[in-house]
Amino acid sequence: MSDDLLFLTVTEQAKLLRSRKVSSVELTQAYLQALRTRGTALRAVAEITEEVALQQAQQADKEIASGKYRGVLHGIPYGAKDLFATKGIPARWGSPAHRDQCFDYDASVIERLHRAGAVLVAKLAMIELAGAGGYEFAHASLTGACLNPWDTTRWAGGSSSGSGAAVAAGAVGFALGTETWGSITVPAAFCGVTGLRPTYGRVSRYGAMALSWTMDKIGPMARSAEDCAHILQAIAGHDPRDPSSSDVPFRYRFSTWRNRRFRIGLLPVDFAKNNATDAERCFRDALEVFKGRKMEFVEVKLPDLPFNEAAEVIIVAEGSSAFENLIRSGKVNELADQSQAVGLLSGLTLSAVDYLRAMRVRAEASRAMAKVFERCDVLMAPTLLQGALPVDRSLNETWVNMGGNGGFANLTGLPSISVPMGFTAGGLPLGLEIIGAPYEEAKILALAQVFQQETEWHKKRPPVAGERIRT
Amino acid sequence: MNRFALTRRQFHLALMTSAAALAARSKAQEPPAQPADTSPTSAVNSWLPVPMPPEQTQKVAEAVKSMQKTLESLRSCPLPEGSEPAFVFHPYPLQKERR
């Protein structure tokens, strides 16, 4: 089977599966091979789920042949970040302290994708505990540092590292990631894939590792915005097992939005100060695409509130509480990156009053952001101002002039999508981030889809598509 | 009625008096009290099965200190009197129908 097939979007693969030009078993076997070779070489894989995958693929082929077509995801192989409970398959949370962990049930998202007919081919590598305590090194993972398919001396980003790398390398059809602060958008930007972080509460967190109950979100990482819409459609919706999950319906039809003239709010970005000439060039080119589609632009300033500080206090407090058993047992010292242990331990000193103050600031922040969205439909900025960072150096040294919009947007639970918008002079992908008002995923998806109709960045394939990878 | 029986009030009074007397006696025998260790790292150690090693203690102390800047910024943000935090409590619904 040609490698080209593995780099098609879900939407394109679905047409081949439905018309039975390709079978799900064939597609699954090809992805399993890609996972065993380049996926493993990139350290993007936590566990290959071959037995389950082939069983699900055979089932999909049988159903499609008998006319019982479940929809676009039917028969499509995917990978899930290794923090979702998967019945009988290890869920190690990327953590040496959880290396023997296995649950006897499926997370809600795994159930929903199973109902949609998708085929689970792998659990994907991640930063241990999704970076709960704050990490200093890319190797803060049971599986080691996840390498970037575009340049294996670079990092894939975190914490959904394997999800980003595996999608970019054509080792899965799509992947599930999670984000508390940057864990979908950062690897999406670094790896040159499309990553959607839904509104907080849009997707049930039942069966997903909890880092921060009020900040964790689950979302798709794929090869196009259209794919992300299909995946979100399958996983969104209220779940009584997660009281924070919302029943606000998610409906998306590109045809209803494609000719809409959106008002785009431009966030202030100091490219010069951050030495971000590549990001500036790519971002200006991206804006030209939207200008060509007659979109309107407005300059937007964020309200003067301590967004990042509130987000940090909430994550630190909730993370230290979520991993209290790990801390009390002393196993926190088994984590691969000792910065994580230090972060989780220091979180124990936060007072309840400070946590509540952060949550009160958060309420003010949500109100203030609602006013911002009275002036525009979406917000837009580069996802990050630099390409993927070196894999072997301390992030304390390398994470400089990066920009990013994660603080305010995650604190206030806003949906966001990162799409490839070009490359640095050194050939590393850069991402364009489109942020929407709560529950307005349809608008950001439509704009991302418009952008991908006009550009080819999302179709670029990394040089690491062959079997030999320099590591 | 038993004439030696105490009322509940009398019992509590007697208990408190004897406890206070015992406490005063044992205190008089104790060496002079050391000031309690109220450092943040001591508070962290109270959660742990074994105290942190010196190097980790140092790093946690630095992290706590660095967190102070974040907290100062957060605390300086004016908030409306009595404004509510951004979360809600979900009362747990009954699983079974009442008979």
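The values are calculated or read from the model by the stated rules, or taken from the named source; none is laboratory data. This one's a predicted model, so the numbers in the text were calculated from it and none came from an experiment. Note that we place each Cβ from the backbone using ideal geometry, even for glycine, and neighbour counts take in every protein chain shown. With ligands, DNA and RNA removed, areas are computed over all heavy atoms of the protein, side chains included. Shrake-Rupley method; radii C 1.70, N 1.55, O 1.52, S 1.80 Å.
Would you tell me the accessible area of A:GLU50, worked out with a 1.4 angstrom probe on the heavy atoms of the protein chains, in Å² to the nearest 10?
Approximately 80 Å² for this residue.
Quote the charge dipole size of the range A:203-281 about the Cα centre in Debye, to the nearest 20; the model charges only the Cβ of Lys and Arg (+1) and of Asp and Glu (-1). The partial results should precede the final answer.
On the way: 12 positive and 9 negative charges, 85 e Å.
That gives a dipole near 400 debye.
Less than 14 Å from a label point 7 Å out along the Cα-to-Cβ axis of A:TRP213: which backbone N atoms in the range A:331-358 qualify, by residue?
Hits in the range A:331-358 for A:TRP213 at 14 Å: A:356.
Would you work out which of A:TRP457, A:TYR105, B:PRO51 lies farthest towards the positive end of the dipole of the protein assembly as shown, given +1 charges on the beta-carbon of Lys and Arg and -1 on that of Asp and Glu, about the Cα centre?
The listed residue farthest towards the positive side: A:TYR105.
Given labels modelled 7 Å from the Cα in the Cβ direction, how far is it in nm from A:ARG293 to A:ARG20?
3.7 nm
Take A:LYS460 and B:SER46, extend 7 Å from each Cα along the Cα→Cβ direction, and tell me the distance between the two endpoints in nm.
Each label point lies 7 Å from its Cα, and together they span 5.5 nm.
Let me cross-check A:VAL72: its accessible surface, 1.4 Å probe, with only protein heavy atoms counted, in Å² to the nearest 10?
40 Å²
May I have the extent of the alpha carbons of the range A:349-471 along their three principal axes, as whole Å values ordered from largest to smallest?
53, 41, 24
Per q in 0.13, 0.23, 0.28, 0.30 Å⁻¹, report the Debye log10 I(q)/I(0) for the range A:131-173, using one uniform scatterer on each alpha carbon and no solvent.
For the requested q values the scattering log ratios are -0.26, -0.74, -1.00, -1.09.
Taking the Cα centre of the protein assembly as shown as origin, sum charge times position over the Cβ atoms of Lys and Arg (+1) and Asp and Glu (-1), and report the length of that vector in debye to the nearest 20. Don't jump to the answer; show the numbers that get you there.
Working: 64 positive and 58 negative charges, 280 e Å.
Dipole about the Cα centre, nearest 20: 1340 debye.
With the contact rule set at Cα under 8 Å and sequence spacing of 6 or more, what percent relative contact order holds for chain A?
Details: 1128 pairs, mean separation 88.6, N = 471.
Relative CO of chain A lands at 19 percent.
Test of understanding: extend the Cα→C-beta vector of A:ASP100 to 7 Å, then name every residue of the range A:112-149 with backbone N under 20 Å from that spot.
Those under the cut-off are A:129, A:142-143.
Give me log10 I(q)/I(0) at q = 0.13 Å⁻¹ for the protein assembly as shown, Debye formula, one equal scatterer per alpha-carbon, no solvent.
-1.36
What does the charge add up to near A:TYR69, with Lys and Arg as +1, Asp and Glu as -1, over the other residues with Cβ less than 11 Å from its Cβ?
Values: positive: A:ARG18, A:ARG20, A:LYS68, A:ARG70; negative: A:GLU63.
Neighbour charge sum, excluding A:TYR69 itself: +3.
Give the Cα extents of the range A:276-423 along the principal axes, in whole Å, largest first.
59, 40, 20
Might you work out the accessible area of A:MET359 for me, using a 1.4 Å probe with all protein chains in place, and round it to the nearest 10 Å²?
Taking all protein chains as shown, A:MET359 has close to 0 Å².
State which entries of A:LYS21/A:LYS443; A:LYS21/A:LYS291; A:LYS217/A:LYS291; A:LYS15/A:LYS443; A:LYS87/A:LYS459 exceed 29 angstrom in Cα-Cα distance in the structure shown. Don't skip to the end; give the middle numbers.
Details: A:LYS21/A:LYS443 34 Å; A:LYS21/A:LYS291 40 Å; A:LYS217/A:LYS291 32 Å; A:LYS15/A:LYS443 25 Å; A:LYS87/A:LYS459 34 Å.
Long pairs (Cα-Cα over 29 Å): A:LYS21/A:LYS443; A:LYS21/A:LYS291; A:LYS217/A:LYS291; A:LYS87/A:LYS459.
Take the alpha-carbon centre of the range A:90-121, take the same for the range B:28-82, and report the distance between them in whole Å.
When both Cα centres are located, 37 Å separates them.
Arrange the residues A:VAL248, A:VAL193 by how much accessible surface each exposes, largest first, with a 1.4 angstrom probe.
Values: A:VAL248 60, A:VAL193 5 Å².
Largest to smallest exposure gives the sequence A:VAL248, A:VAL193.
Under 8 Å for C-alpha pairs, at least 6 residues apart: give me the relative contact order for the range A:36-114, rounded to a whole percent. Provide the component values of the computation, followed by the final result.
Values: 63 pairs, mean separation 16.6, N = 79.
It rounds to 21 percent for the range A:36-114.
Under the 0.36 nm per residue contour assumption, what length would be gained going from the current alpha-carbon distance of A:LYS68 and A:HIS238 to full extension?
Numbers: separation 170, 0.36 × 170 = 61.20 nm, distance 2.55 nm.
Stretched out fully, the A:LYS68 to A:HIS238 stretch lengthens by 58.7 nm.
Under a 1.4 angstrom probe, counting protein chains only, how are A:VAL203, A:VAL52 ranked by accessible area, largest first?
Values: A:VAL203 5, A:VAL52 45 Å².
Sorted descending by solvent-accessible area, the residues read A:VAL52, A:VAL203.
How would A:LEU302, A:LEU27 rank on accessible area, largest to smallest, probe 1.4 Å? Intermediate values should be presented prior to the final figure.
Values: A:LEU302 55, A:LEU27 0 Å².
My answer, sorted largest first, is A:LEU302, A:LEU27.
When the Cα centres of the range A:152-220 and the range A:1-32 are compared, how far apart do they sit, in Å?
If we compute the Cα centre of each part, the gap is 23 Å.
Just to be sure I understand the model, the point goes 7 Å from the Cα along the line to the Cβ. What's the resulting A:ARG261 to A:ARG375 distance in nm?
2.0 nm
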